[in-house]
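Read the figures in this text as sums done on the coordinates, not as results from a lab. What you see is a predicted model; the values in this text were computed from it and never measured. Neighbour counts run over all protein chains shown; Cβ positions are idealised from the backbone, glycine included.
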């Protein structure tokens, strides 16, 4: 069947799946709309009403796409090209949790027909598509892989909150279980991805490419976080060191920070899990993960230390925390390390007021057990600017000082957004990574 005649279904309409569905929906004929499937009735209802709570797709874009949004499995039977874009998190022990992926595979397997293609976009360890997903598809459908149905892997590269790098403008890695499937998968994606596609020689290569993209970034940030800890003990400002080092043409200006989210803070664990199953214990990757996983608590402890040095009675103090999402200008709170920071401050007895104009208050309370507050609850004895939302970047030193009380308040500028000397001149004790 020609790629242009394929009927596409996207399984999972979150941060990744919805932009994919909408992109294909823009070009779909009215007689053959893209099927967007999600297991959450509330998600389906809000998308049918034209609202995307993730903020990735504007109402106008959603309305313009020829998209059949549904939570009815039977609706998937009309499709012959399935794109699976469900979460692949880790559990409390940082082990891969493939249950959403297996459940999605079981759903797709129940509607598979001869000639169908299933493409996975969810981040996995190398081998997962063929070793974990294909057996579920075969068992559920009663069909044979490579004979009756076919698979591919095309790793997602969605960057939540990024208005410049979108699904269509990021080059897409594609792969298939055989040459003919690869040709079809490449043609389907090339029809909407203007940046073009890269044909990986195998599904495993495509899977591995995805996990090392974020593992590399994770390790670079871990290095800067460790350097920040070392430089703090030397009395050297890390931001000033980076500014000086960045004058060399081949210096990579990564910055220290809180590494959370659904990608950088998770993907390395998929790679290390597979390596350990093969008898190899990764040293560097796991060391980087340990450093980054501890940075929220590290920031909180440094805030408390400075409060004690300034003579503040910590258990009687109120600390404001600006931002709880895992990154700036988006509502995504998954795996946010700001939560670790808040819990550490609370463990020291402080009253913590968390403010975030982008986060959904109900979701934060449900997922994190934290009730969002307001800047109207100022003044605070200490302030942590944890996320570089545009609203917080715009604040001036005097505005920050107005949120604080006392002669020696503490201000933690996690992302080094502000003029440290100006804040110090206003009486603030400043800490930054």
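Relative contact order of the range 226-431, please, whole-number percent, based on alpha carbon pairs below 8 angstrom and at least 6 residues apart.
It comes to 19 percent, rounded to a whole number.
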In whole angstrom, how far apart do the alpha carbon centroids of the range 10-78 and the range 134-175 sit?
-> 17
Given the Cα-Cα distance of residue 45 and residue 169 and 0.36 nm per residue of separation, how much length would full extension add, in nm?
-> 41.8 nm
Note to self, the chain gives a 222 nm [θ] from helices alone (DSSP H runs n ≥ 4, -39500 (n - 2.57) apiece, / all residues, nearest 500) of -11500 deg cm²/dmol
Dimensionless Rg over Rh [the range 228-316; C-alpha; Kirkwood] = 1.09
With each label point set 7 Å from Cα along the Cα-Cβ vector, what nm distance links residue 251 and residue 179?
-> 5.0
Given 5 Å bins starting at zero, what is the percent of C-alpha pairs of the range 3-202 in each, up to the one with the largest pair distance?
-> 1, 8, 17, 21, 22, 17, 9, 3, 0, 0
For the chain: relative contact order, % (alpha-carbon pairs under 8 angstrom, 6 or more apart) = 11
Report, for the range 226-431, the % of DSSP beta bridges that are antiparallel, rounded to 5.
-> 0
Sorted on mean Cβ neighbours within 10 Å (highest first), peptides 17-29, 366-378 come out as 17-29, 366-378
Here the Kirkwood hydrodynamic radius of the chain, Cα-based and in Å, equals 23.3
So what is the orientation-averaged projected area of the range 226-431, using the convex hull of its C-alpha atoms, in nm²?
-> 13.0
Segments 257-265, 99-107 sorted - mean Cβ within 10 Å per residue, highest first | 257-265, 99-107
Run the numbers on the range 3-202 and let me know its relative contact order in percent, using alpha-carbon pairs under 8 Å that are six or more apart.
-> 19
Round to the nearest 0.05 the FRET efficiency obtained for residue 374 and residue 113 when R0 = 51 Å and r is the Cβ-Cβ distance.
-> 0.40
What nm value, rounded to one decimal, do you get for the distance between residue 232 and residue 71 when each label is placed 7 Å out toward the C-beta?
-> 4.4
Pull out a ≥ b ≥ c, the square roots of the eigenvalues of the alpha-carbon gyration tensor of the range 78-192, then state rounded if a/c is under 1.5, prolate if not and a/b is larger than b/c, and oblate in the remaining case.
-> oblate
What is the distance in Å between the Cα centres of the range 377-433 and the range 200-271?
-> 25
Using a/c under 1.5 as the rounded threshold, could you call the range 170-216 rounded, prolate or oblate? The axes a ≥ b ≥ c are square roots of the C-alpha gyration tensor eigenvalues, and prolate needs a/b larger than b/c, oblate otherwise.
-> oblate
Per residue, what volume in Å³ does the convex hull of the Cα atoms of the range 289-361 enclose?
-> 89
Fraction of beta bridges assigned by DSSP in the range 3-202 that are antiparallel (%, nearest 5) | 10
What ranking do 34-41, 151-158, 333-340 get when scored by the average of other Cβ atoms within 10 Å per residue, highest first?
-> 151-158, 333-340, 34-41
Paramagnetic reach from residue 26 in the range 193-207 [backbone N under 14 Å; point 7 Å along Cα→Cβ] | 193-196
